[in-house]
Amino acid sequence: QFAASRSAYAEAVSHFDRGLSLLSSLFDAQRDRQEIKLQLAKGVSLSNASGFSSAEAAKAHARAHELSDKIGDIDSQFTAIWGLWTFRRTSDWNAARQLSDRLLSLIEKGNNVGLRLEAHHMGWTTHFFCGELAPAQEHCEKGRTLYEFEQHRTHAHIYGHDPGVCARTLGAWSAWLLGYPDTCSAMAAAPVRASAPPG
């Protein structure tokens, strides 16, 4: 994790692999939970090192998803599906949309603000790159409202990049393409630490 936080992704992956090789010494319940953590962290590092289309990253996230389903860990299941969505959006936007819609419906009524933020993150990215600018803008606005710098800045290490920065970037692009240059400028100039969208 120390290596990954400093963008030394190849070094981080070697540490995660070493950790995975030692799992056999743990009891079943401990082993599954520890493997989920290692596979998720490895998947993010592989995506950052090799790109979102990394098949090895997708494999790590698929394994984490399998184990999360097995033990009923919703938070880890969410993160694993996020990783699979990241992989799918490099080649199959229909599959990516299905994963995005699945997570949005899964957490929309829940109380976990961080997961709701990341579900909207998936939503605005999916809609934007499918050319659906109005719904992309709506998801960006919800994301900017939910985002708190101190609480959510660690998402960059969990999911690969900061949702606050992404919401403002794609929100500004969407506003520009929808014909609102002043809104675009305001979003681009707003500080990431702010939690509310610019007026």
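Side notes on the structure shown:
- Boolean, Leu104 is at pLDDT 90 or above, surrounded by 14 or more Cβ atoms within 10 Å (Cβ to Cβ) and either within 17 Å of His157 (Cα to Cα) or hydrophobic (A, V, I, L, M, F, W, C) (or both): no
- Filter pass, Thr154 being open to solvent by 60 Å² or more (accessible area, probe 1.4 Å), of a type in the set (Ser, Thr, Tyr) and touching a residue at least 40 places away in the same chain (Cβ under 8 Å): no
- Just one of (1) of a type outside the set (Asp, Glu); (2) more than 26 Å from Leu106 (Cα to Cα); (3) under 14 Å from the mean Cα position of the chain (by Cα) fails for Arg89. It is (2).
- Boolean, Arg116 is open to solvent by less than 70 Å² (accessible area, probe 1.4 Å) and either without any contact (Cβ under 8 Å) to a residue 60 or more places away in the chain or touching a Leu at 6+ places or on another chain (Cβ under 9 Å) (or both): yes
- For segment 11-42, a residue qualifies if it is more than 24 Å from the chain's Cα centre (by Cα) and among the charged types (D, E, K, R), and the qualifying residues are Arg18, Asp28, Arg31.
- Restricting segment 50-88 to residues that are modelled with pLDDT of 90 or more, farther than 20 Å from Leu23 by Cα and of a type in the set (A, V, I, L, M), the residue that is most open to solvent (accessible area, probe 1.4 Å): Ala55
- Scanning segment 1-48 for residues that are touching a residue at least 24 places away in the same chain (Cβ under 8 Å), among the aliphatic types (A, V, I, L, M) and within 18 Å of Thr79 (Cα to Cα) yields a count of 7.
- Scanning segment 11-36 for residues being surrounded by 11 or more Cβ atoms within 10 Å (Cβ to Cβ), modelled with pLDDT under 90 and part of a helix (DSSP H, G or I) gives a total of 1.
The values are calculated or read from the model by the stated rules, or taken from the named source; none is laboratory data. A quick note: this is a predicted structure, and the numbers were derived from the prediction, not measured. We place every Cβ from the backbone using ideal geometry, glycine too, and count neighbours over all the protein chains shown. With ligands, DNA and RNA removed, areas are computed over all heavy atoms of the protein, side chains included. Shrake-Rupley method; radii C 1.70, N 1.55, O 1.52, S 1.80 Å.
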